[in-house]
1. State the Cα centre-to-centre distance between segment 52-127 and segment 7-25 in whole Å.
2. Of 107, 164, 131, which is farthest towards the positive pole of the chain's charge dipole, taken about the Cα centre with +1 and -1 on the beta-carbons of Lys, Arg and Asp, Glu respectively?
3. Determine the shape class of segment 4-197: with a ≥ b ≥ c the square roots of the Cα gyration tensor eigenvalues, call it rounded for a/c under 1.5, and otherwise prolate if a/b is greater than b/c, oblate otherwise.
4. Using 0.36 nm times the number of residues separating residue 202 and residue 19, minus their current alpha carbon distance, what extension gain do you get?
5. Can you order the peptides 19-32, 66-79 by their average number of other Cβ atoms within 10 Å per residue, highest first?
6. In what order do 126, 60, 115, 90 fall by count of nearby beta-carbon atoms within 10 Å, going from fewest to most?
7. Excluding residue 4 itself, calculate the net charge of residues whose Cβ lies under 11 Å from the Cβ of residue 4, where each Lys or Arg counts +1 and each Asp or Glu counts -1.
8. Test of understanding: what is the full-extension gain from residue 87 to residue 119, defined as 0.36 nm times their sequence separation minus their Cα-Cα distance?
Amino acid sequence: MGETIRGTDGKLRCKWCDSAPEFLGYHDTEWGFPVSDDYRLFEKLCLEGFQSGLSWRTILAKRENFRSAFHNFDFNKIARFTRHDINRLLKDKGIVRHRGKIEAVINNAKQARELVKQEGSLATFLWRYEPDAKQLVKPQTASTSAQSIVLSKDLKKLGWKFVGPTTAYAFMQAMGLINDHVEGCVIRGKVEYARKRFKRPYSGK
């Protein structure tokens, strides 16, 4: 019971979703459900990078502003950003105005574009890092994993920035590469069902 909390509907959920009003909807409809859309995958990697040193609540509250500022995280458009765009973003009070993180998004957009040329899609590359069931630990007991460490290293080798192992693990949790909802959470079964039906982009299975 320590890992779950009972909602107003009487159902148990991961305890963290009760720590801020914004978290409930995110927990119930997004977190852990598998994603294959390249722009959403790229968005999450970027937002996790922006979160570094901050809280996810801060980033989630500003997410629509980030989407507006970064063209819904269309990396093809972001890759063409210039210094003028950097200066514009540094004046945008709706986002996190951190030069290094903003420049990292633009850099990573260029790398994402190259990955798509090589792999066919960003999803094809990223979903190869989905861990085997035997490698999973008890939900919400880790901040990194062997797979997130490898994903982080491989992305850095390809020139990506702000993609450390913790960022990579949070990305994997959120985008459904693992089901990290705790046992007893009403959403865990829904995520597992979605993962079973999900067509892995790297294999077509």
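No lab work stands behind these numbers, since they all come straight from the coordinates. All values derive from a computational prediction rather than experimental measurement. Here the Cβ positions follow ideal geometry from the backbone for every residue, glycine too, while neighbour counts run over all protein chains shown.
1. 29 Å
2. 107
3. Details: a/c = 2.05, a/b = 1.38, b/c = 1.49.
Note, shape of segment 4-197 comes out oblate.
4. Values: separation 183, 0.36 × 183 = 65.88 nm, distance 3.58 nm.
Here the answer is 62.3 nm.
5. Working: 19-32: 15.8, 66-79: 18.0.
The packing order, highest mean first, is 66-79, 19-32.
6. Values: 126 27, 60 18, 115 22, 90 12.
Going from least to most buried by this count: 90, 60, 115, 126.
7. Details: positive: 6, 11, 13, 15, 188; negative: 3, 18, 183.
Spelling it out: positives minus negatives among the neighbours equals +2.
8. Numbers: separation 32, 0.36 × 32 = 11.52 nm, distance 3.25 nm.
Gain in length upon complete extension: 8.3 nm.
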